[in-house]
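Chemist: Have a look at the structure that comes next, please.
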Amino acid sequence: MTEDAARATQARIEAIARGAGEIALRHFRSLASLPVEQKGHLDLVTEADRAVEDYLTASLQRAFPEDGIFGEERGEIAGSSGRIWVIDPIDGTFNFVRGGQNWAISIGLFENRTPIYGTLFAPVRDLMLSGGLDVPAQRNGKPVPPLPALDLSQGATGIGWHPSVSTSDRVELIRFVSDALGINVRFCGSSALSLVDIALGETDGYLALGDSTWDVMAGLPILASLGASHTIDWQRTGLDAKLRFACGSERFLAKVRPLLDKIAVPA
């Protein structure tokens, strides 16, 4: 993709994300009357999730008719181009339902078994973050500064886990971060915004147990444009997989690999 084409794509996706944000905010302002369903224990879905995903799907199909789409609520729509838009209509639905601000719309582009572009929009915070392999990361249209070097004396990592993850693995994650690394933890309840925290220099990394691909498909290429990496082997990972991985600088990843080696296989 040329630089001009990448910028044009960025503008279209950001416009779609803002449109989705308007729909989500309308539901968010009417939480008292919003039906909430359970997909599992502490795993929620609302009419807002479905309405936003329907809007994202229709908008992406109009803008990129040859591309496929893979969404959290509606599943996969095949395309012919080899490119797949992986979308999470509201990442952080639990926060959304509780009236919190830490939820975001996530739109990521997957091509040649690689996340290549992403846009994340947190409507309550009016925070738009975009970037990828051909597009330097931007926050609300302005360049994102380089990531700070890892300093364990003031280090912090985001953490996240799926409700199905065993208590023993959760405890081991906390023990490792506290004892082996000696740094602080952040648990914001949104994988997408945990990756935003890295991009904005508020944390040094993210450790996830049981994330879905749509949770992280937008954030990973944004971070890649800032020099961060991750431990996911996309050549062996399907879009329907549950992910146990770390993301951050190479120094951060080197520090946390012993933890991933210990709890890499889901119980």
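Chemist: Test of understanding: among 245, 252, which residue is modelled with pLDDT of 95 or more and part of a helix (DSSP H, G or I)?
Modeler: Just one listed residue meets the conditions, 252.
Chemist: Could you please find all residues in the stretch 211-267 being among the basic types (Lys, Arg) and in contact (Cβ under 8 Å) with a residue 40 or more places away in the chain?
Modeler: Matches in the stretch 211-267: 242, 251, 255, 262.
Chemist: Looking at the stretch 121-166, which of its residues are among the aliphatic types (A, V, I, L, M) and under 17 Å from residue 218 (Cβ atoms)?
Modeler: Those that are among the aliphatic types (A, V, I, L, M) and under 17 Å from residue 218 (Cβ atoms): 122, 127, 128, 129, 133, 135, 137, 144.
Chemist: Looking at (1) out of contact with any strand residue (DSSP E or B) (no Cβ under 7 Å at 6 or more places or on another chain); (2) touching a residue at least 24 places away in the same chain (Cβ under 8 Å); (3) of a type in the set (S, T, N, Q); (4) surrounded by fewer than 19 Cβ atoms within 10 Å (Cβ to Cβ), can you tell me which one residue 164 breaks?
Modeler: Single failed check for residue 164: (1).
Chemist: For the stretch 131-149, what are the residues that are in contact with a helix residue (DSSP H, G or I) (Cβ under 7 Å, 6 or more places away or on another chain) and either among the aromatic types (Phe, Trp, Tyr) or surrounded by fewer than 19 Cβ atoms within 10 Å (Cβ to Cβ) (or both)?
Modeler: Once the filter is applied, which keeps residues that are in contact with a helix residue (DSSP H, G or I) (Cβ under 7 Å, 6 or more places away or on another chain) and either among the aromatic types (Phe, Trp, Tyr) or surrounded by fewer than 19 Cβ atoms within 10 Å (Cβ to Cβ) (or both), the stretch 131-149 yields 133, 134.
Chemist: Now, a different point. Can you list the strands (runs of 3 or more DSSP E) found entirely within the stretch 43-87 that contain at least 2 residues being crowded, with 17+ Cβ neighbours inside 10 Å? Lay out the reasoning, then the answer.
Modeler: Details: elements: 43-46, 68-71, 75-77.
Because the criterion is at least 2 residues that are crowded, with 17+ Cβ neighbours inside 10 Å, the strands (runs of 3 or more DSSP E) in the stretch 43-87 that meet it are 43-46, 68-71.
The values are calculated or read from the model by the stated rules, or taken from the named source; none is laboratory data. Just so it is clear, the model here is predicted, and its values are computed rather than measured. When we count neighbours, we look across all protein chains shown, and the Cβ atoms used for this are built from the backbone with ideal geometry, even at glycine.
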